[in-house]
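This report refers to the structure that appears directly beneath it.
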Amino acid sequence: MTRRLFSLILALVAGLGSPALAQDRKVAVTFDDLPYQGPAAALCDPAQLMRLTTDFLAMLKPLDTHGTAFVNDGRVCEATRASTLPKVLNLWLDAGLDLGNHSFSHINIHQTTAEAYLADVDAGAATTRAALQAHGRTLRWFRHPYLFTGETQEKHDAIAAGLAERGYTVAPVTIDNNDWMFADVYRKAEQLGDAALKRRIGEAYVAHMTRVLDFYEPYSAELTGGREPAQVLLLHANSLNQAYYPQIHALYLARGYRFVPLEEALADPIYAHADTYVRPNGISWLHRWKATDGEAIRWEPEPPAWIVAANKAPASELQAIAGAQTAP
């Protein structure tokens, strides 16, 4: 942990007596894009995929996140899927985490029909359901890829009805910190073998999460008369979080959060709030509820400009982009 981050956490701990931090803060941690968000070659190599999984779960083990992870079967090569994916999912379940369906192919509803979307949901269920049943559990959670819920009322309603008919509970997201963008830039630094740049990206990621929480905590309280609701955090299983999730976890602890299962978070009354938001983008449910109430959406902080630029550029340009920016 860097000296700068350690100082930040100490300052946050010192402030736990304030009225905002004194309330019962809860967060459910969710990881999308199982079995792993990484290069296709790694996902097609059973030994490498198992190693990535065991390393990620070893990182999580002492942290007691009560997390839920969402699976895309199609991320694993067809030739090795049937033999490898069940083993990977069993590791997650044996580690005490829950699993949900994230569709087979991480399908984009904006580019297909509701019928094709639901067929992809069905295709993504079999392996996860079997793994859960072998552990005496049931498949109940669904997370929309890209957080897209349908860009037309017809699609939105057809998907919602289809998921309900299949017995799914949608796993909403209240805190989205664009970790996927930082993770993409981090993988580029890995390709370059630039340890100093990886560290800089990781520190920028943790600092960004702090800014995101500074925004979302009071913003969420506006919907509940001043009480912060239980939050649902969206992250991904990738090398960035393998290295830096422990610091994210420590940050939440320093701000007075308890880590709870998804089911407990969704028992908060805020999750019964109507959602009539229909637009071609994927956003926090806090924004959706604001729009449903006829209130103006206020957007969360953007990642640093150099991270945004590096995400759009090839790895070969990363060092030049980072060098042109002031270090975080």
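Quick notes on this structure:
- The residue list Asn177, Asn108 contains one member that is at pLDDT 95 or above and touching a helix residue (DSSP H, G or I) at 6+ places or on another chain (Cβ under 7 Å), which is Asn108.
- Selection from region 208-249 of residues that are aliphatic (A, V, I, L, M), assigned to a helix (DSSP H, G or I) and under 17 Å from the mean Cα position of the chain (by Cα): Met209, Val212, Leu213, Leu240, Ala243, Ile248
- Qualifying residue in region 112-128 (condition: of a type in the set (Phe, Trp, Tyr), part of a helix (DSSP H, G or I) and farther than 30 Å from Ala305 by Cα): yes
- Residues in region 19-70 that are modelled with pLDDT of 95 or more, touching an Asp or Glu at 6+ places or on another chain (Cβ under 8 Å) and farther than 21 Å from His102 by Cα: Arg25, Lys26.
- Residue in region 155-172 that is of a type in the set (Lys, Arg), more than 21 Å from the chain's Cα centre (by Cα) and open to solvent by less than 40 Å² (accessible area, probe 1.4 Å) present: yes
- Selection status of Gln319, within 21 Å of the chain's Cα centre (by Cα) and either within 23 Å of Thr65 (Cβ to Cβ) or in a helix (DSSP H, G or I) (or both): no
- Of the criteria (1) farther than 27 Å from Tyr271 by Cα; (2) touching a Ser or Thr at 6+ places or on another chain (Cβ under 9 Å); (3) open to solvent by less than 10 Å² (accessible area, probe 1.4 Å), which one Glu190 fails: (3)
- Among residues of region 126-154, those that are of a type in the set (Ser, Thr, Tyr) and open to solvent by less than 70 Å² (accessible area, probe 1.4 Å), counted: 4
- Residue check, Trp289 within 30 Å of His110 (Cα to Cα), of a type outside the set (A, V, I, L, M) and either part of a loop (DSSP other than H, G, I, E, B) or under 17 Å from the mean Cα position of the chain (by Cα) (or both): no
- For region 293-308, filtering for residues that are among the small types (Gly, Ala, Ser) and either assigned to a loop (DSSP other than H, G, I, E, B) or open to solvent by less than 40 Å² (accessible area, probe 1.4 Å) (or both) leaves 2.
- Residue match in region 95-113 (condition: more than 16 Å from Pro145 (Cβ to Cβ), of a type outside the set (A, V, I, L, M), open to solvent by less than 10 Å² (accessible area, probe 1.4 Å) and touching an Asp or Glu at 6+ places or on another chain (Cβ under 9 Å)): no
One line per residue, one yes/no per condition, for (1) within 23 Å of Leu89 (Cβ to Cβ); (2) assigned to a strand (DSSP E or B); (3) touching a residue at least 24 places away in the same chain (Cβ under 8 Å):
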residue	(1), (2), (3)
Leu139	yes, no, yes
Gly150	no, no, yes
Ala158	no, no, yes
Ala164	no, no, no
Gly167	yes, no, yes
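- When Pro229, Pro261, Pro246 are checked against the criterion of being open to solvent by 30 Å² or more (accessible area, probe 1.4 Å) and touching a Leu at 6+ places or on another chain (Cβ under 8 Å), Pro246 stands alone in meeting it.
The values are calculated or read from the model by the stated rules, or taken from the named source; none is laboratory data. None of these values were measured; they are calculated from a predicted model. Cβ coordinates were reconstructed from backbone atoms using ideal geometry, including for glycine residues, and neighbour counts include every protein chain displayed. Calculation scope for accessible area: heavy atoms of the full protein, side chains included, ligands and nucleic acids excluded. Shrake-Rupley method; radii C 1.70, N 1.55, O 1.52, S 1.80 Å.
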